[in-house]
Amino acid sequence: MKKGLIIHGWTYSLKKYKRLSQILNSKGLKNEILKVPGLTEKIERPWDLDDYINWIKNGINKENGKVVLIGHSNGGRIAAAFASKYPQKLEHLILIDSAGILHDEFHVKLRLLFFEALARIGKKISSSAILKNLLYKMAGENDYKNATKDTKKTMTNLIKTDLSASLAKVTTPTLIIWGEHDKVTPLSDGKIMHQLIKNSRLHIIKSAKHSPHFTHAKEVADTISEYLKTQIANLKTTHLAEALASRRSSGLASLAESRRAKRATQN
């Protein structure tokens, strides 16, 4: 089985991904949780989606052959964008409660405006840590509060990106896993991705929210493992059918040639 690379979501710790990684390892999918620049790895400037695509490309180029790319939330956004550009480098794509569908709702636009304006507001109230923390709490953006200046700009760059057009270009066999009660990236996003990615399967984790890889690690790992086994079995069946068809075609061609030679001899 190919190696798996896990791209975590918007977090500063790998802790919630380790259980999934361990179970996948026990099931035969050797994997690595990548340290994402701007989050679990430092950056020296703001990044955009193309920077992350190139980062993944450089990482995969070090591997021996194709990989299984697994992305959760913002990591799913990065993984899906990469798959749309470099399908030849992937064996399978696994998206878990992935970001990437840009919504036109008022609260989403308000969130973007908040990100863009908060830095300016923050400078004016920097002398009051209490007031500054209150603003972050009111907006529900603790991740943003803890981010560096470059990471804040990176977050804004990524949230503005709509992957709808890119998802339609994904040809890599894809498994989409989603928490039934996800309020961060709603299940409706998973269904849209399932419709846009032609060769995809959608699996819903009952009662799960935005982090089924943590709250339902075993079910997520089992789902991934069974999916990959099925894909491998289907591929073997396809190859066998193609080999048999080729052999039959070759046999028929030989028979036809033999008959032509026989008629030529008789004449």
### Task
State whether one or more residues within region 124-142 are modelled with pLDDT of 85 or more, in a loop (DSSP other than H, G, I, E, B) and more than 21 Å from TYR12 (Cβ to Cβ).
no
### Residue that is surrounded by the fewest Cβ atoms within 10 Å (Cβ to Cβ) [pool: residues in region 42-69 that are in a helix (DSSP H, G or I) and among the aromatic types (Phe, Trp, Tyr)]
TRP55
### Residue check for LYS30: out of contact with any helix residue (DSSP H, G or I) (no Cβ under 6 Å at 6 or more places or on another chain) and charged (D, E, K, R)
yes
### Message
Conditions first: (1) under 25 Å from GLN231 (Cα atoms); (2) modelled with pLDDT of 95 or more; (3) basic (Lys, Arg). LYS62 passes all but one, so which condition is the exception?
### Response
(2)
### Task
Please work out which one of (1) more than 19 Å from LYS153 (Cα to Cα); (2) modelled with pLDDT under 95; (3) out of contact with any helix residue (DSSP H, G or I) (no Cβ under 7 Å at 6 or more places or on another chain) is the condition THR11 fails and give its number.
(1)
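Residues are listed down the side, and each one gets a yes or a no for (1) out of contact with any Ser or Thr (no Cβ under 8 Å at 6 or more places or on another chain); (2) assigned to a loop (DSSP other than H, G, I, E, B); (3) exposed (fewer than 13 other Cβ atoms within 10 Å of the Cβ); (4) without any contact (Cβ under 8 Å) to a residue 60 or more places away in the chain:
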| site | (1), (2), (3), (4) |
| --- | --- |
| LEU5 | yes, no, no, no |
| THR11 | no, yes, no, no |
| LEU39 | no, yes, no, no |
| GLY71 | no, no, no, no |
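The values are calculated or read from the model by the stated rules, or taken from the named source; none is laboratory data. Every value quoted in this text rests on a predicted model; they were computed, and no experiment measured them. Positions of Cβ are generated from backbone atoms using ideal geometry, with glycine treated the same way; all protein chains shown enter the neighbour counts.
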